[in-house]
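Nothing in this text is a laboratory measurement; each read-out follows from the coordinates by a stated rule. Please read these numbers as outputs of a predicted model, since none were measured by experiment. Reconstructed Cβ throughout: ideal geometry from the backbone, glycine too, with neighbour counts over all protein chains shown.
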Amino acid sequence: MKILILGAGQVGCAIAEILANENNDVTVVDDDEKTLAQLREKLDIQVVLGKASHPNVLRKAGAKDTDMLIAVTSSDETNMIACQIAYTLFKTPKKIARLRSSSYMTRQTLFGKDHIPIDVIINPEQLVTNQIKRLVQYPGATQVLDFADGKVELVATKAEFGAEMIGHELRDLVKFNPNLESRVAAIFRNNQPIIPEGTTVVEQGDEVFFIAAKDQIKNVIEELQPQHSSKYRNIMIAGGGNIGERLAEALETRHNVKIIELNADRTVHLANHLSKALVLRGSASDETLLVEENISSIDLFIAVTNDDEANIMSCLLAKKLGADKVISLINNPSYADLVQGGKIDIAISPKLATISSLLAHIRHGDISRVYSLRRGSAEAIEIIAHGDQKTSKVVGRQINQIDLPKSASIGAIVRGDELLIAHHDTVIESDDHVIVFIADKSDVKAIEELFHVAFTFF
Amino acid sequence: MNPITISKVLGIFVLIFSTGMIAPMVVAWIYGEAEWLNFLFTMLVLIAVGLLLWLPNRNRPSEVHARDGFVIVASFWLVLGLLGTLPFLFSTSVDLSLTDAFFESTSALTTTGATVISGLDFLPKSILFYRQLLQWFGGMGIIVLAVAVLPMLGIGGMQLFRAETPGPNKDNKLTPRITETAKSLWYLYITFTVICALAYWYAGMSLFDAICHSFTTIATAGMSPHDASMGYFNNAMIEWIAVFFMFISGITFATHFLAFRRGSLWVYFRDEETVTYFAIVVTAISVIWLTLVVHDINDNSFQVLRQTIFQVVSYLTTTGYSTTDISLWPFHISLIVVSLSFFGACAGSTAGGMKIVRIIIATRQVLREIYQLIHPRAIFSVKLNNHPVEYRVIQSVWVFLLVHLVIFFVLMQILLITGMDFITAYSTAASAINNLGPALGEAVSNWSSLNSVAKWLLSLAMIMGRLEIFTLLVLLTPMFWRK
């Protein structure tokens with residue numbers, strides 16, 4: 001596939017790398033010569049220097065025969081105009097753009113064939129906000145991923161000391177709680193993936209990924225984390241930017257929310273727009289402020305400023321002063337590796353969220369969701385099975401008859417409105433949404449081919 | 001300050017006012033009373049005064065600016081208050097001094113409803129009708145005042161309502177906004193009056209009584225053509241109708257307008273002032289009723305509840321009808337009932353008092369101060385209907401409340417100095433400044449026995465209360481008159 005990426009920022013570069021490694025024909029446009037030079041040295045891609053929204057630059061980058069345009073420059077306006085130009089002048093079939101400003105996002109009628117022709121809008125702040133909101137909803141989870149419009153969720157959690165499941169085999173999960181409809185998709189022990197069998201024994205410190213219907217998640221977490229199943233009552237948010245504001249707005253009705261922001265004008269804005277959350281002016285790394293505001297009784301501390309270092313430091317401070325759990329927004333993947341799972345309970349990467357969301361639209365086959373997990377080393381995808389027994393390698397077969405790559409496992413199937421937890425004898429039908437967990441990303445390609453419908457289908 | 005504009009506008013007011021004499025003339029003619037001649041004289045005088053003010057300036061271009069607004073608004077009540085005395089002075093059936101006549105006409109125009117006339121039931125119908133009409137007319141003035149003028153002048157935090165009804169001019173020209181807003185609200189006012197009159201008539205009042213009472217119910221004024229006020233009828237249905245219409249007249253007319261245009265009752269439930277108003281009414285009723293039941297003033301506690309509901313709504317909306325003599329209730333309760341008028345009903349209604357929206361904002365500011373002590377580094381915002389209230393508005397609201405109370409206390413002290421007893425001074429001062437009407441002590445049945453200094457002071461207090469104090473205070477500062 002020929003893909004044109006506008007903007008060689010963090011997300012642009014990361015996407016370019018993933019796509020180039022998957023044998024796509026990638027062109028990157030940016031107006032910074034140095035970045036482009038570095039990128040060209042590292043990857044097998046074409047680069048074009050110039051302003052991403054200029055028609056002549058787009059032509060030079062081969063917009064004419066491009067299959068897909070991904071506009072991820074730092075400017076919303078450039079991204080929108082580039083999509084418009086690509087549509088009007090070059091008839092580019094698929095246009096994806098990242099838009100940050102919420103004032104564009106609230107006007108959905110703006111976008112469409114007759115207006116601003118963007119097929120997919122990616123809003124990183126919205127993605128991150130949703131991700132954190134789900135984490136707050138399920139205390140104890142380190143990651144919560146939606147599938148099939150929220151009917152099914154893939155949840156990651158840590159098996160902690162005192163949990164009933166520790167020392168038991170996975171198939172005992174049903175014994176502890178007979179009503180539980182869930183399936184463990186993967187276990188990571190010391191950062192190494194283990195493909196779960198019924199006889200796999202859960203150990204303390206295991207990171208367990210399981211798939212369950214929405215209403216079952218709490219019960220599963222309880223089996224693995226006896227202490228953390230209670231609700232987060234007091235939440236403190238550090239940073240009152242767009243993410244902080246949206247989070248506070250979403251959480252203030254059900255939780256006691258305190259939000260810290262340094263900028264004076266911004267605090268006034270927050271106080272005017274939030275109805276219940278307590279807005280505090282100051283720095284999140286100011287110990288006196290945190291103590292004054294009773295940090296020791298805070299159940300969850302969320303640092304969402306746009307500065308990685310500030311987020312990490314304030315989280316460490318909050319944890320030291322007695323905050324129960326801390327979540328930090330971390331863009332730099334090396335930092336995330338350093339701190340996650342240690343003092344910082346959960347690190348959230350806007351970049352990873354954006355990439356996951358982009359991947360769902362880029363991948364071959366009928367894939368409706370992709371989540372990049374564990375800093376990109378694993379993936380969870382929701383893929384739709386098509387065809388029949390003759391044309392497809394999956395439809396009409398039992399799960400244990402499907403020739404899955406070693407690192408992959410099928411967790412659940414959504415058929416219409418019904419959720420089926422995968423068993424070895426479950427038969428896949430056409431139009432099923434199949435949720436596949438792939439512990440080793442290099443097997444993604446194999447999964448895509450597996451679900452690919454043979455030519456005779458047409 | 002532009003004297004040409006002011007005299008032109010006043011001229012128009014007086015001319016319009018003169019047409020109001022036609023109605024009592026018709027009433028006099030229907031009942032075959034000789035009073036019609038007095039009204040004709042009054043009308044001629046009014047036309048003459050009006051033309052004198054208007055004719056010389058009619059072709060001069062004029063734009064009304066905010067500063068002229070203060071003078072016009074103040075003189076509307078002062079000048080019409082003075083000219084409104086004429087029928088009382090001309091009439092031979094009521095024997096009123098200039099002081100009493102001015103008091104009566106001011107009390108009516110400001111929709112206070114306090115009266116110095118006794119033996120109402122024996123007066124000519126046309127004079128009675130004229131009193132009621134003055135109050136209704138005053139109510140129309142108040143709507144414009146509250147909805148268009150005060151917000152523009154920014155009195156006591158009323159700039160809050162400036163954005164509610166957007167007009168074509170955002171600068172200091174008053175006229176276009178006022179005509180636009182006022183017209184639609186007047187239709188509403190007239191509609192309410194008609195429905196109220198029909199309801200009273202249906203419930204058993206004579207047509208004359210129904211019309212007279214509807215005028216003073218919707219204007220929350222409270223004069224009645226009977227000495228016994230609403231108690232004259234002793235009819236439960238009439239009382240409930242009165243309670244209902246007094247209550248809705250206490251709601252901001254702009255809110256009514258919105259509810260009618262959207263065709264939805266939700267507008268009321270979403271407006272914090274209306275909801276608080278309702279809550280205050282319910283709380284006051286329950287507290288007072290329970291106290292009365294404990295004091296055991298009447299064996300029939302349902303009867304007491306009916307009386308309580310009527311009295312609370314009537315005093316809170318500063319209407320001032322009564323169905324029972326509250327001075328016979330335990331002393332502290334009658335004091336509380338009179339003091340209810342300090343709340344008043346919603347801003348932008350015909351009610352007097354300090355207005356509930358101001359109480360809400362002031363209370364929230366107090367809470368904010370308290371929260372700030374608990375969380376010194378927090379930023380709080382005072383909100384009304386989910387919109388942040390500017391600091392400037394909060395400040396004006398607090399100053400307004402303070403000045404309202406200070407003026408009340410000063411007035412009460414002066415009344416005490418003129419030789420009044422405490423309860424009379426307290427209740428008449430409160431009643432006048434809150435445009436309530438009834439009072440206790442010497443003034444319990446009517447105010448005629450007060451000394452004339454007190455009557456002039458109280459008349460002034462009524463105008464002051466009606467004009468939300470600052471409009472009048474502005475005129476008393478030298479700075480205003482400096483070029």
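Here are the numbers for this structure:
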item	result
Scaled radius of gyration (Cα, divided by 2.2 N^0.38 Å) that the range B:253-329 gives	1.36
Calculated P(r) of the range A:398-458 - Cα pairs past 20 Å, %	27 percent
Debye log10 I(q)/I(0) at q = 0.14, 0.16 Å⁻¹ for the range A:1-157, Cα point scatterers	-0.75, -0.91
Violating pairs (Cα-Cα greater than 19 angstrom) within the set A:Lys258/A:Lys319; B:Lys183/B:Lys383; A:Lys231/A:Lys258	B:Lys183/B:Lys383
Debye log10 I(q)/I(0) for the range A:240-392, one point scatterer per Cα, at q = 0.18, 0.21 Å⁻¹	-1.07, -1.29
Quotient of Cα Rg and 2.2 N^0.38 Å for the range B:309-380, N being how many residues it contains	1.51
Rounded D (µm²/s) - the range B:376-432, Kirkwood Rh over Cα pairs, Stokes-Einstein at 20 °C, 1.002 mPa s	155 µm²/s
Sites matching chymotrypsin sites (Phe, Trp or Tyr not before Pro) across the range A:154-223 that sit in DSSP coil, with at most 16 neighbouring C-beta atoms within 10 Å	A:Phe161
Semi-axis lengths, Å, the range A:257-325, gyration tensor of Cα atoms, sqrt of 5 times eigenvalues	19, 14, 10
Helical mean residue ellipticity (222 nm; -39500 (n - 2.57) per DSSP H run of 4+; nearest 500) of chain A	-8500 deg cm²/dmol
Over 14 Å [Cα-Cα, the range A:362-416], rounded percent	64 percent
Rg(Cα) / (2.2 N^0.38 Å) computed for the range B:243-291, rounded to two decimals	1.28
The protein assembly as shown - share of DSSP beta bridges that are antiparallel (%, nearest 5)	55 percent
For the range B:188-269, average projected area of the Cα convex hull in nm²	5.3 nm²
Footprinting exposure proxy for B:Ile22, A:Ile81, B:Ile326 (fewest neighbouring C-beta atoms within 10 Å first)	B:Ile22, A:Ile81, B:Ile326
Equivalent ellipsoid, the range A:119-213 (semi-axes from 5 times Cα gyration tensor eigenvalues, Å)	27, 15, 13
At most 12 other Cβ within 10 Å, DSSP loop - trypsin sites (Lys or Arg not before Pro), the range A:273-348	none
Cross-link partners of A:Lys91 among lysines (Cα-Cα below 18 Å; sequence separation of 8 or more within a chain)	A:Lys2, A:Lys60, A:Lys64, A:Lys113
Mean Cα-pair separation over length for the range A:1-134, i.e. relative contact order, pairs under 8 Å, 6 or more apart, %	21 percent
The range B:227-367: relative contact order as a whole-number percent, Cα under 8 Å and 6+ apart	30 percent
Proximal lysines relative to A:Lys151, as straight alpha-carbon distance under 19 Å, when same-chain residues fewer than 8 apart are discounted	A:Lys133, A:Lys214, A:Lys218
Total charge dipole magnitude, chain A, about the Cα centre, Cβ charges on Lys, Arg, Asp, Glu only, Debye to nearest 20	740 debye
Per principal axis, descending, Cα span of the range B:255-381 in whole Å	55, 43, 22
For the protein assembly as shown, fraction of C-alpha pairs farther apart than 38 Å, in %	60 percent
Computed [θ] at 222 nm, helices only, for chain B once each DSSP H run of length n ≥ 4 contributes -39500 (n - 2.57)	-20500 deg cm²/dmol
Debye equation applied to the C-alpha atoms of the range A:305-364, log10 I(q)/I(0) at 0.13, 0.17, 0.20, 0.23 Å⁻¹	-0.37, -0.56, -0.70, -0.85
Spread of Cα-to-Cα distances over 10 Å intervals beginning at zero, given as percent, for the range B:1-61	26, 39, 22, 11, 2
At most 12 other Cβ within 10 Å, DSSP loop - trypsin sites (Lys or Arg not before Pro), the range A:357-417	A:Lys390, A:Lys406
Using distinct alpha-carbon pairs, which all enter the 1/r mean, Kirkwood radius of chain A in Å	23.4 Å
Rh (Kirkwood; distinct C-alpha pairs) - the range A:1-74, Å	11.7 Å
Ellipsoid semi-axes in whole angstrom, largest first, where each is sqrt(5λ) of the Cα gyration tensor of the range B:355-408	22, 13, 9
Radius of gyration and Dmax over the Cα atoms of the range B:1-119, both given in Å	15.7, 49
Enclosed volume per residue, in Å³, of the convex hull spanned by Cα atoms of the range B:336-453	129 Å³
P(r) histogram, all alpha-carbon pairs of the range A:318-458 included - 10 Å bins from 0, percent	11, 35, 28, 16, 8, 2, 0
Contact order normalised by residue count of chain A, Cα under 8 Å, 6+ apart, percent	10 percent
Radius of gyration and Dmax over the Cα atoms of chain B, both given in Å	21.9, 75
